[in-house]
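Notes follow the structure.
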Amino acid sequence: MTEQQIIPKFKIFDLYDISEVKTEDPGLKNVINLQPKLILKEYGRNFQKFGQTKINIVERLMNRVAVAGHRGKKHKVIGRATGKYTQNMKIVLEAFKIIEKKTGKNPVQVLVRAIENSAPRDEVTVIEYGGARYPQAVDVSPLRRVNLALKHIVHGSSEKAFGKKKKFFQALAEEIILASENNGESFAIKKKKEAEAQADSAR
């Protein structure tokens, strides 16, 4: 019996096989974790340097869902998503079911493609020179690219569902599908284009 036959093939939550999910963007390969696990729960153990890269990308999406109302440093929108792991992961899994039904593809692969499409490559920072402040275009680090993409996907979903008839998981599924198709109607794609346009004007 070979070593490959001994090691069991895990599907996350025993539903989705991520062994064949690929990251095509070479800049994001090392920061999108696709390690198969049966239960995605790290109990917050990501405090070391680059600790987020050791957490599965689906769990990172779920962690963002828990703070869907944050805008900057303030919690502006109060929605149904709370800090409860089971409730937030249920939102993600319900969204995945819709994605699988609509696209016929592995929803984790669709999520990875959405992150690759909506991760901004440039953004603007402010530098101070001689007492004056100037905008300066900078490259975005791979880890921040993924974090921004996840944040914009969740914020876009939250705004489409808040105070409306559409459920959060339906809006999340729609946003992920639009971003994976590089559709201009996606909130995350709009944010990416906006950031890169500002960076181009600040060069």
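The values are calculated or read from the model by the stated rules, or taken from the named source; none is laboratory data. All values reported here derive from a predicted model rather than from experimental measurement. Neighbour counts are summed over all protein chains in view; Cβ atoms, including those assigned to glycine, are modelled from backbone coordinates with ideal geometry.
Across region 161-195, the number of residues qualifying as under 18 Å from GLU123 (Cβ atoms) and acidic (Asp, Glu) comes to 1. In region 20-42, the residues that are in contact (Cβ under 8 Å) with a residue 12 or more places away in the chain form Cβ pairs under 8 Å with partners that are in a loop (DSSP other than H, G, I, E, B) and hydroxyl-bearing (Ser, Thr, Tyr), at six or more places apart or across chains, as follows: ILE32/THR23; LEU34/THR23; PRO36/SER19.
For the subset of region 170-190 comprising residues that are more than 14 Å from the chain's Cα centre (by Cα) and assigned to a loop (DSSP other than H, G, I, E, B), which member is surrounded by the most Cβ atoms within 10 Å (Cβ to Cβ)? Filtering first and then ranking leaves GLU181.
Filter region 147-176 down to the residues that are hydrophobic (A, V, I, L, M, F, W, C) and in contact with a helix residue (DSSP H, G or I) (Cβ under 6 Å, 6 or more places away or on another chain) and list them by number. Steps first, answer last, please.
Of region 147-176, the ones hydrophobic (A, V, I, L, M, F, W, C) are 148-150, 153-154, 161-162, 168-169, 171-173, 176.
Passing the criteria: ALA149, LEU150, ILE153, VAL154, ALA161, PHE168, PHE169, ALA171, LEU172, ALA173, ILE176.
Is one or more of the residues making up region 46-55 assigned to a loop (DSSP other than H, G, I, E, B) and at pLDDT 80 or above? Yes: one or more hits. The criterion of being on the phi > 0 side of the Ramachandran plot and part of a loop (DSSP other than H, G, I, E, B) holds for GLY163.
Scanning region 6-45 for residues that are surrounded by fewer than 12 Cβ atoms within 10 Å (Cβ to Cβ), at pLDDT 80 or above and closer than 24 Å to VAL154 by Cβ yields LYS22, GLU24. VAL138 fulfils the conditions (1) outside any helix (DSSP H, G or I); (2) among the aliphatic types (A, V, I, L, M); (3) buried (at least 21 other Cβ atoms within 10 Å of the Cβ) except for a single criterion, (3). Please go through region 105-132 and pick out each residue that is crowded, with 19+ Cβ neighbours inside 10 Å and in a loop (DSSP other than H, G, I, E, B). Matches in region 105-132: ALA119, PRO120. Determine, yes or no, whether GLU3 is out of contact with any His (no Cβ under 6 Å at 6 or more places or on another chain) and either of a type in the set (A, V, I, L, M, F, W, C) or modelled with pLDDT of 75 or more (or both). Spelling it out, it is not the case that GLU3 is out of contact with any His (no Cβ under 6 Å at 6 or more places or on another chain) and either of a type in the set (A, V, I, L, M, F, W, C) or modelled with pLDDT of 75 or more (or both).
Residue-by-condition table, conditions (1) β-branched (Val, Ile, Thr); (2) in contact with an Asp or Glu (Cβ under 9 Å, 6 or more places away or on another chain); (3) farther than 25 Å from ALA199 by Cβ:
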{"residue": "VAL108", "(1), (2), (3)": "yes, yes, yes"}
{"residue": "ALA119", "(1), (2), (3)": "no, yes, no"}
{"residue": "TYR129", "(1), (2), (3)": "no, no, no"}
{"residue": "ASP139", "(1), (2), (3)": "no, yes, no"}
